[in-house]
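Each remark here refers to the structure printed beneath this line.
What follows draws every value from the coordinates through simple rules; no lab data is involved. Here the structure is a predicted model, which is why all the values come from computation and not from measurement. Using ideal geometry, Cβ is built from the backbone for each residue, glycine included, and neighbour counts are taken over all protein chains shown.
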Amino acid sequence: AALYKIDGWGAPYFCVNSSGNISVRPYGPETLPHQEIDLLKIVKKVSDPKSSGGLGLQLPLIVRLPDVLKNRLESLQSAFECAIQSQGYESHYQGVYPVKCNQDRFVVEDIVKFGSPFRFGLEAGSKPELLLAMSCLCRGNPESLLVCNGFKDGEYISLALVARKLALNTVIVLEQEEELDLVIELSKKLCIRPVIGVRAKLRTKHSGHFGSTSGEKGKFGLTTTQILKVVRKLEQVGMLDCLQLLHFHIGSQIPSTALLADGVGEAAQIYCELIRLGAHMQVIDIGGGLGIDYDGSKSTDSDISIGYTLQEYAAAVVQAVRYVCDRKSTKHPVICSESGRAIVSHHSVLIFEAVSTSAYEVPALSPLSLQYLVEGLPDDARADYNSLSAAAIRGEHDTCLLYTDQLKQRCVEQFKQGSVGIEQLAAVDALCDLVSKAIGAADPVRTYHVNLSVFTSIPDLWGIGQLFPIVPIHRLDERPSIRGILSDLTCDSDGKVDKFIGGETSLPLHELQGGGSGGGKYYLGMFLGGAYEEALGGVHNLFGGPTVVRVSQSDGPHSFAVTRAVPGPSCGDVLRAMQHEPELMFDTLKHRAEEFIHQHHEDDDGVLSAAALAGALARSFNNMPYLVSASSCC
Ligand code: PLP
């Protein structure tokens, strides 16, 4: 556990159990030992067709943990409730979940259900997000907020007004000044009185990677001048009472409470000013930004870490709002936050298999082949070889390295010119590897090939270099003997993981083997990827999403129950997403198979029957694009 810093990034949800496997603690600190869920057992249940009740589904796998999701929501809520109570704050906290972080239907439905007792709502940033938020909130608490952010056209605004008509507690947040005219016009036309918010462009700037949208030059929000214009216009049309919410977002992964308090304090001043100007303000919406400590370092100067706890975050927000409002004798507003990353990151674990390694094997060089090699080399290469041998006998390591490089380079050149044969070149490679290994200069880092697409499942790693904790989910009672990097299935040099938390350029890994706790298989987990990764993933090389299972804690013999299992998109599905028509493709290929068999007079019962070919084709369309592991292969 210490090697992979699991206590740092994983607590209180992930730990290593007595079998050396990673266990989920679904209720965080309140989890009892018998409630812990062993991730390897989930993988076996889901993937093994032979185990009793095994589902025989293909990896990679996303394990969703609704109990963890619930615990995150409740922890956020109780952190704010505690801060509100201890500071004598005279209003309440009422958060919303920005669906962009993970729009999966069951994630959003769970959040609405779990958050309903404390009026937890949703935030949408586009028309389809608004549609899904509207339909999910129909089954939620009517007081829950539905915050409409993002750039809007008339259709978006009309939809938000309709949502209000449907008695959903909808707020249209102005991101651009021009949106106001549309809101005024459409609300009159539809005879629906809107609740309006403004997104302020704060002067407070978050300087990390995720803060590029903050500050005066940020992409979103209204400047001070624009906010004043909005107030005047609303006043002119008799709608200033509709302005009720102030929103800002200084960026994701806010590193410190000092920066947070600075931003919240500035926004609270604007809030008080809007009240002074006559708006009927009710809510201060502090946006997202509550961070995740991906490497467990608690550092305030890194994009992947944060220097505060949930409790410290909530306390800093409540204190900053209260301080400003008290000085201005302003009634305390409802505090809303749009935390996405902090709510959904922990609840899903991506599990994938390492299928092979670039195992470093030195071919046995018999004295005979060595002699053949040396005798066949051109004179200059033979001279290099003799110098290398002499240096090796003298034990001069640096000189050995020099001559192995020289010998190799020379032989490659001569191979290109045709004066060295392919067997000689292979033997030179082997000899040089042998020497490097003998003098301890061989590159000790191996490449583990993983049955995964980085582009589909960890897009932020490829896109912005974000690091996530990646750890074997079993064999953690065994000291890893190898350092490795991961290489995915795509034929793209960026499809690799060669940077890891803690500034490491390789990961401690175990030797792949035939036996062991995984039945010879080696499974790795990527943790804390529940936010953004699924929403951003693409289909590079037509690798679609993983299989997804929903796993709840249960008091049964396994301490868990798989409550939903959805296989990942098949080859046919991903082809369809690119406008191909798998059914037609299948028919064309089947027809071709029949023609081919007919022309070659193969009888239908033969090995190459048309039906057998069609069956193989159908399986290929129906299976996922990922590698089928040997034991689950048909
Ligand atoms: N609200 C807005 C307006 C955002 O742009 C974002 C994300 O960037 C969020 C909320 C969610 O932020 P986070 O995931 O950091 O909580």
Around VAL318: net Lys/Arg minus Asp/Glu count, Cβ-Cβ under 14 Å: -3
Amide H to amide H under 5 Å from SER339: which residues, 5+ apart in sequence or cross-chain, H placed 1.01 Å off N in plane? VAL96
If all Cα-Cα distances of region 96-194 are sorted into 5 Å bins from 0 onward, what percent lands in each bin, rounded to whole numbers? 3, 15, 27, 23, 17, 9, 5, 1
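Using Cβ counts within 10 Å as a stand-in for footprinting exposure, how do CYS148, CYS242, CYS491 rank, fewest first?
Sorted ascending by nearby Cβ count, the order is CYS491, CYS242, CYS148.
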As I understand it, the dipole of the chain uses +1 on the Cβ of Lys and Arg and -1 on the Cβ of Asp and Glu, about the Cα centre. Which of HIS600, LEU234, TYR294 lies farthest toward its positive end? LEU234
Two decimals is fine: what is log10 I(q)/I(0) at q = 0.21, 0.23 Å⁻¹ for region 165-241, from a Debye sum with one equal scatterer on every Cα and no solvent? -0.93, -1.03
Kindly express, to the nearest 10 degrees and within the range 0 to 90, the angle between helix 105-115's C-alpha long axis and the longest C-alpha principal axis of the chain. 40
Each label point is 7 Å from the Cα along the Cα-to-Cβ direction; what then is the distance between the points at VAL162 and GLU312, in nm? 4.6
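What trypsin sites (Lys or Arg not before Pro) does region 17-65 have in DSSP loop regions with at most 16 other beta carbons within 10 Å?
Sparse-neighbourhood loop trypsin sites (Lys or Arg not before Pro): LYS50.
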So if each residue of separation counts as 0.36 nm, and I subtract the Cα-Cα distance between ARG139 and LEU228, what length gain in nm does that give? 28.3 nm
Got a sec to turn the phi values of region 72-86 into Karplus ³J(HN,Hα) couplings, 6.51 cos²θ - 1.76 cosθ + 1.60 with θ = phi - 60°, whole Hz, x for Gly and Pro? 5, 4, 5, 5, 5, 4, 6, 4, 5, 4, 4, 4, 5, 5, 5
Can you give the extra length, in nm with one decimal, that the chain gains between PHE621 and ASP326 once fully stretched, where that is 0.36 nm per residue apart less the Cα-Cα distance? 99.7 nm
As I understand it, the value is the acute angle between the Cα axis of helix 179-190 and the longest principal axis of the Cα atoms of the chain; what does it come to in degrees, rounded to 10? 60
Relative contact order (%) - the chain, alpha-carbon pairs under 8 angstrom, separation at least six: 15
Under a 5 Å amide H to amide H cut-off, with H placed in plane at 1.01 Å, what residues pair with GLY484 once short-range neighbours are removed? ARG446, LEU507, LEU509
What list of ³J(HN,Hα) values in whole Hz, one per residue of region 164-171 in order, does the Karplus curve 6.51 cos²θ - 1.76 cosθ + 1.60 (θ = phi - 60°) give from phi, with Gly and Pro shown as x? 5, 4, 7, 6, 8, 6, 8, 10
Region 200-338 shape via C-alpha gyration tensor axes, a/c threshold 1.5: prolate
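Report, in debye and to the nearest 20, how large the dipole of the chain comes out about its Cα centre when Lys and Arg carry +1 and Asp and Glu carry -1 on their Cβ.
It comes to approximately 2300 debye.
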What FRET efficiency, computed as 1/(1 + (r/R0)^6) with R0 = 56 Å and r the Cβ-Cβ distance, is obtained for GLU109 and HIS598, rounded to the nearest 0.05? 0.60
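Express the C-alpha Rg of region 273-386 as a ratio against the empirical globular expectation 2.2 N^0.38 Å, rounded to two decimals.
Relative to the 2.2 N^0.38 Å estimate, region 273-386 comes out at 2.44.
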For THR170, other-chain or 5+-apart residues with amide H closer than 5 Å (H placed, Pro excluded) are LEU146
Could you give the nm distance between label points at LEU55 and ASP181, where each point is 7 Å from its Cα heading toward the beta carbon? 5.2
Size of the dipole of region 96-194 about the Cα centre, Lys and Arg at +1 and Asp and Glu at -1 on the beta carbon, nothing else charged, in debye to 20? 500
Approximate spin-label separation SER552-VAL445, in nm, with each point projected 7 Å along Cα-to-Cβ: 4.4
Please report the projected area of region 490-553's Cα convex hull averaged over all directions, in nm². 7.0
Please give the helix 224-236 orientation as an angle from the longest Cα principal axis of the chain, in degrees from 0 to 90, rounded to the nearest 10. 40
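To two decimal places, what compactness ratio does region 417-542 give when its Cα radius of gyration is scaled by 2.2 N^0.38 Å?
1.30
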Quick check on packing: order 122-131, 428-437 by the mean number of other C-beta atoms within 10 Å, highest mean leading. 122-131, 428-437
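Can you check what the Kirkwood hydrodynamic radius comes to for the chain, Cα pairs only, in Å to one decimal?
Kirkwood hydrodynamic radius for the chain: 28.2 Å.
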Using the charge dipole of the chain (Lys, Arg: +1 at Cβ; Asp, Glu: -1 at Cβ; taken about the Cα centre), state which of ALA267, GLY530, LEU59 has its Cα farthest towards the positive end. ALA267
Karplus couplings for region 405-419 from phi (6.51 cos²θ - 1.76 cosθ + 1.60, θ = phi - 60°), rounded to Hz, Gly and Pro as x? 4, 5, 5, 5, 4, 5, 5, 5, 4, 6, 5, 4, 7, x, 8
If r is the Cβ-Cβ distance from ASP405 to SER299 and R0 is 30 Å, what FRET efficiency results, to the nearest 0.05? 0.15
